[in-house]
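Trainee: Can you keep this structure in mind? I'll have questions shortly.
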Amino acid sequence: MTSELIDRLRADLTTANFSVSALTGLWGAPAEAALHRNQRVPALRALAALRDRLERTEPSATLAQLFVLGLPVSAADAGNAFPALGLDGAEQLGLVTREAADVRPLLDLRPYSFIDAHGAGSWWVASDLGELALGHALTETHVLGVGGASLTLTGLMIPTPVKSALDLGTGCGIQAMHAARHAERVVATDISERALELAALNAELNGIRNIEFRLGSLFEPVGGERFDHIISNPPFVITPRVAGVPSYEYRDGGLVGDAIVEAVVRGSAEHLSPGGIAQLLGNWEYRTDAGGQEVDAFERLRDWLGDPGDAAAQGAWIIEREVQLPTEYAETWIRDGGTLPDSAEFDRLYDAWLDDFAARGVRQVGFGYLLLRKPVGGDEPLRRLERLHGELGTNGSGLGTHLAECLAAHDWNARTDAVALARARFTVAPDVTEERHYWPGADDPTLMTLHQGGGFGRSVQLDTALAALVGACDGELAVSAIIAALAHLLDADEHALTEQLLPRVRELLGDGFLLPPGL
């Protein structure tokens with residue numbers, strides 16, 4: 001019966017054209033922007049104006065008021081918005097409850113659209129009502145909808161087709177649904193029964209049939225299993241483990257400090273197939289040891305990965321995107337839970353957070369992306385840890401494709417010796433531009449820079465020889481032929497120039513500025 005009701009709900013949402021573009025059309029871009037700031041008055045005024053102008057309430061407007069703004073609607077309007085499901089069916093699905101002549105929402109249900117490597121898509125996503133609709137702070141068992149962290153991880157997801165994928169801590173199921181687009185089979189786990197119920201509802205509502213949902217903490221539900229792709233937006237927020245501090249299931253993993261991220265990193269090694277990849281978001285602490293010496297967080301991350309010479313060690317590409325001081329971090333996450341600043345409760349929680357950080361000597365907290373990879377056979381594990389705190393490039397379908405291309409280039413580099421590298425023919429990536437600066441009247445540039453339009457938006461300073469080499473990489477000439485011509489033009493020693501330029505070529509390949517043959 002539930003499946004039949006979900007089919008009816010899907011039909012009603014489709015008939016009402018309950019879509020992202022329709023919502024923007026209902027209330028306009030300024031009101032949409034206000035909603036992102038958690039302000040619904042402009043949207044509500046726009047819906048009222050539309051109703052007055054049409055002298056009726058559109059079903060899409062009813063659904064928007066009910067499930068996006070989190071406000072009650074009349075039973076008559078709700079009935080018109082659910083012609084196939086009916087109000088009884090909506091109540092049976094736990095979407096609404098009736099109160100006299102009104103209908104009140106019990107869930108947040110909103111359209112979601114995206115573009116990834118497989119093309120454009122649109123879904124509907126149900127989650128628990130947010131702080132705006134509730135009128136108070138979130139409960140500790142709150143199931144979050146599609147937020148900023150969710151969008152970041154979906155954008156990072158490598159789209160290479162695989163047989164099996166695992167979504168660890170699925171929440172409302174958004175990562176599992178995205179993984180289902182490139183994986184034949186997906187297992188989604190969570191410690192919350194309610195999260196799994198909503199995730200299963202979302203998958204069925206959107207016609208996604210290749211996801212299996214399992215209850216349990218971390219890797220417990222998949223003991224002994226291995227996957228080609230693991231995705232996780234773990235509850236990585238560092239929260240004091242003391243009485244009186246709320247612990248939200250969707251963001252707090254129940255462990256001290258950054259131990260939940262460490263657990264996911266270490267556990268991935270046992271659950272990845274050879275060559276398999278894990279991708280997750282995380283926080284990590286920069287600490288001061290007992291002797292007062294500062295400990296770089298990257299040293300701790302390397303320890304989590306294992307010794308590169310160990311057969312169980314993992315490869316990794318870890319990218320730190322930002323750091324926060326303990327004060328900034330505490331303020332961010334206390335506000336996120338719905339506690340208002342300038343209140344006694346905010347100050348109490350602030351003290352608890354700072355006490356917790358002080359106990360471990362934490363001086364700042366990093367946030368970023370972790371990509372782990374299980375080496376194949378005796379391959380040397382990838383180890384790349386870097387800090388990229390600037391703006392990203394423009395990535396219309398997300399960073400996942402760029403990550404996959406960089407991994408492929410790394411592997412090509414790793415199996416290609418200097419002789420084969422010199423014989424190879426490369427092309428410049430289509431998003432790369434070159435910038436030159438000249439003193440007025442000068443013939444030669446004083447500064448040359450390569451810029452990456454996509455990916456991580458990297459910039460690389462060039463000297464004359466490297467700029468000329470990159471400019472000649474059109475897929476026709478081998479690197480050795482280009483260097484030989486440059487040596488003649490620059491009156492330089494060819495061998496010395498080769499020794500200078502080949503390492504730079506490898507760097508440009510690894511960062512996606514140059515494309516190796518066949519990629």
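Trainee: I want to confirm something. Restricting to segment 79-134 and keeping residues that are of a type in the set (S, T, N, Q) and touching a strand residue (DSSP E or B) at 6+ places or on another chain (Cβ under 7 Å), which single residue is least open to solvent (accessible area, probe 1.4 Å)?
Mentor: Ranking the qualifying residues of segment 79-134, first place goes to Ser127.
Trainee: Quick check on segment 357-390: of everything there that is open to solvent by 60 Å² or more (accessible area, probe 1.4 Å) and under 25 Å from Ile277 (Cα atoms), which residue is modelled with the lowest pLDDT?
Mentor: Gly378
Trainee: Please state which of the following conditions His451 fails to meet, knowing it meets all the rest: (1) under 25 Å from Arg321 (Cα atoms); (2) open to solvent by less than 50 Å² (accessible area, probe 1.4 Å).
Mentor: So His451 meets the others, but not (2).
Trainee: Now for a separate question. Which of (1) touching a Gly at 6+ places or on another chain (Cβ under 9 Å); (2) under 19 Å from Ala149 (Cα atoms) is the odd one out, the single condition Asp336 does not satisfy?
Mentor: Result: Asp336 passes all but (1).
Trainee: From the residues in segment 334-351 that are buried (at least 19 other Cβ atoms within 10 Å of the Cβ) and either at positive phi or touching a residue at least 24 places away in the same chain (Cβ under 8 Å) (or both), which one is farthest from the chain's Cα centre (by Cα)?
Mentor: Ranking the candidates gives Leu349 first.
Trainee: Of (1) open to solvent by 10 Å² or more (accessible area, probe 1.4 Å); (2) touching a residue at least 40 places away in the same chain (Cβ under 8 Å); (3) within 25 Å of Ala263 (Cα to Cα); (4) out of contact with any helix residue (DSSP H, G or I) (no Cβ under 6 Å at 6 or more places or on another chain), His178 satisfies all except one. Which?
Mentor: (4)
Trainee: Output the residues belonging to segment 181-202 that are over 17 Å from His118 (Cβ atoms) and either without any contact (Cβ under 8 Å) to a residue 24 or more places away in the chain or among the small types (Gly, Ala, Ser) (or both).
Mentor: Answer for segment 181-202, where residues must be over 17 Å from His118 (Cβ atoms) and either without any contact (Cβ under 8 Å) to a residue 24 or more places away in the chain or among the small types (Gly, Ala, Ser) (or both): Ala188, Ser192, Glu193, Ala195, Glu197, Ala199, Ala200.
Trainee: Go through segment 457-514 and report how many residues are within 18 Å of Glu435 (Cβ to Cβ), among the polar types (S, T, N, Q) and either touching a residue at least 60 places away in the same chain (Cβ under 8 Å) or surrounded by 18 or more Cβ atoms within 10 Å (Cβ to Cβ) (or both).
Mentor: 0
Trainee: Ile334 fails exactly one of the following numbered conditions: (1) of a type in the set (A, V, I, L, M); (2) at pLDDT below 90; (3) within 30 Å of Gly135 (Cα to Cα). What is the number of that condition?
Mentor: Failing condition for Ile334: (2).
Trainee: Oh, and also: Go through (1) in contact (Cβ under 8 Å) with a residue 12 or more places away in the chain; (2) within 18 Å of Leu35 (Cβ to Cβ) one by one and return the number of the condition Val162 breaks.
Mentor: Only one criterion in (1) in contact (Cβ under 8 Å) with a residue 12 or more places away in the chain; (2) within 18 Å of Leu35 (Cβ to Cβ) is unmet by Val162, namely (2).
Okay, residues lined up against (1) farther than 29 Å from Asp303 by Cα; (2) open to solvent by less than 20 Å² (accessible area, probe 1.4 Å); (3) modelled with pLDDT under 95:
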site: Leu392; (1), (2), (3): no, no, yes
site: Leu403; (1), (2), (3): no, yes, no
site: Asn413; (1), (2), (3): no, no, yes
site: Arg423; (1), (2), (3): yes, no, no
site: Thr427; (1), (2), (3): yes, no, no
site: Asp443; (1), (2), (3): yes, no, yes
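Trainee: Please go through segment 30-60 and give me each residue that is touching a Lys or Arg at 6+ places or on another chain (Cβ under 9 Å) and open to solvent by 10 Å² or more (accessible area, probe 1.4 Å), ordered by number.
Mentor: Those that are touching a Lys or Arg at 6+ places or on another chain (Cβ under 9 Å) and open to solvent by 10 Å² or more (accessible area, probe 1.4 Å): Thr57, Glu58.
Trainee: Same structure again: Given Gly169, Gly173, which one is open to solvent by 20 Å² or more (accessible area, probe 1.4 Å), on the phi > 0 side of the Ramachandran plot and not polar (S, T, N, Q)?
Mentor: Answer to the check: Gly169.
The values are calculated or read from the model by the stated rules, or taken from the named source; none is laboratory data. This is a predicted model, so every value here is computed, not measured. Note: ideal-geometry Cβ built from the backbone for every residue, glycine included; neighbour counts use all protein chains shown. Just so you know, the surface numbers come from the protein's heavy atoms only, side chains and all, with ligands and any DNA or RNA stripped out. Shrake-Rupley method; radii C 1.70, N 1.55, O 1.52, S 1.80 Å.
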